[in-house]
Amino acid sequence: MHATRRVLAHLVVPAAAALLATLGAAPTASATPSQAAAEVCEDICIDGVRAATHSGYDRVVFDLGAGPLPTVTASHSTSPGFMTPGGEPSQIRTLGSSYLYLNFKDAEAGDFSETNPSPELFNLPTVKASQLLWWTSNILGFTPETAFGITLNGPVSRYNVFTLTQPNRVVVDIYR
C-alpha cells in the first residue's frame, strides 16, 4: 500500500503541477475580428492620416470614423513651437521650413495615438511629416479637441482645408 501511494504521488503530483502551470499560463480569450471592441469616441474618432503628391500640390487626408464632422481650424507658421492645452510649450519633432497646425474641435484621437507612429514621415515635395500634437476628451464639460502639426518643406503658396463624407475625412491640400 505504501508503494502504491508512492507511485501515485510520483505520477499525480507532477501531473497536477503541470496542469496548474498550464492553467495559470493559459491565455485569456482574445477577440476575433468580428468580436473586436469598437473604438469609442464622444463625437467622432480620427482613425488615421495618409498623404500623397499631385501635380502642383500635396494632399494630407485624416480618416475619420462615424459621427458628426468636426470643425477644423488651420494656421500656418514658420515656428515648430506650439502650446499644449495646459499652457506648456512644446515643439514638433520633425523640423522643416514651415508648419501647418490643425485643430479638430469635437474630435478625439481615439486609438490613433496607439496605432500610428508620431511623427509619421511622408517625404513628399512639400509635406515632410505629420504629428499628433495633443488631444483632450469630453471631460468636465470641455469639448473634445485634437491637434496635429504638418511639417512642410519649401515654399507654400496656399492651403485649403475641407471635409468629405462617405467615408468621413478631413482633406488638406497644400499648394507649391
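The values are calculated or read from the model by the stated rules, or taken from the named source; none is laboratory data. Remember, predicted model here, so these are calculated numbers, not experimental data. Heads up: the accessible areas ignore ligands, DNA and RNA and are worked out on the full protein's heavy atoms, side chains in. Shrake-Rupley method; radii C 1.70, N 1.55, O 1.52, S 1.80 Å.
Over region 44-154, calculate the relative contact order: mean separation of alpha carbon pairs under 8 Å at least 6 apart, over the residue count, as a percent. That works out to 27 percent. When the solvent-accessible area of region 39-176 is split by element, carbon and sulfur atoms take up 50 percent of it, the probe being 1.4 Å. Taking all protein chains as shown and a probe of 1.4 angstrom, Asp47 keeps an accessible surface of around 70 Å².
Ordered from largest to smallest accessible area (heavy atoms of protein chains, 1.4 Å probe), the residues Tyr99, Tyr57 come out as Tyr57, Tyr99. Within the assembled protein chains, the solvent-accessible surface assigned to Ser75 is about 60 Å², based on a 1.4 Å probe.
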